[in-house]
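Quick note: the coordinates plus some simple rules give every number you see, no bench work behind them. Just so it is clear, the model here is predicted, and its values are computed rather than measured. Every residue, glycine as well, gets a Cβ built from its backbone with ideal geometry; the counts of neighbours run over all protein chains shown.
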Amino acid sequence: MLGDLFLAAFIAASGFVTAGILGSFYHLVTGEPPRFFAEMKGPVSWLIVVGLWLVAGPFIFMRNAIQGYYRESFSPKMLAAAGGLTAMWSILSGTFVLSFLLAL
């Protein structure tokens, strides 16, 4: 039971770290932070943006939630709910990333 909890925490941490690295790399390359409403000019950019949303989504979502909290448009309860959703999304993202790495 406790081992499963540690495994889930490891998967979530690896998913969130991967999301942070990908989001920071996107910010480094483009000069603007990643966001959910990006321009898609063609099929290649569509695939890149959707892939970015799927893997770096927890980073983007939590960054927006923290900014909303500091602008006082989010309550602490909303920030905690966003953290829970981010944790679940990080588990999904981490499962995908670790499965991909183990398949190599």
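Have a look at 94, 24, 3 and report the one farthest towards the positive end of the charge dipole of the chain, computed about the Cα centre with Cβ charges (Lys/Arg +1, Asp/Glu -1). Towards the positive end, the residue furthest out is 24. The modelled label-to-label distance for the pair residue 66/residue 2, using points 7 Å beyond Cα in the direction of Cβ, is 3.1 nm. Scattering from the chain was approximated by placing one identical point on each alpha carbon and applying the Debye formula without solvent; log10 I(q)/I(0) at 0.16, 0.21, 0.22 1/Å stands at -0.76, -1.12, -1.17. Each Lys or Arg adds one and each Asp or Glu subtracts one; over the other residues with Cβ under 15 Å from the Cβ of residue 57, this totals +2. Calculated mean residue ellipticity at 222 nm for the chain: -29500 deg cm²/dmol, from DSSP H runs with n ≥ 4 weighted as -39500 (n - 2.57), summed, divided by the residue count and rounded to 500.
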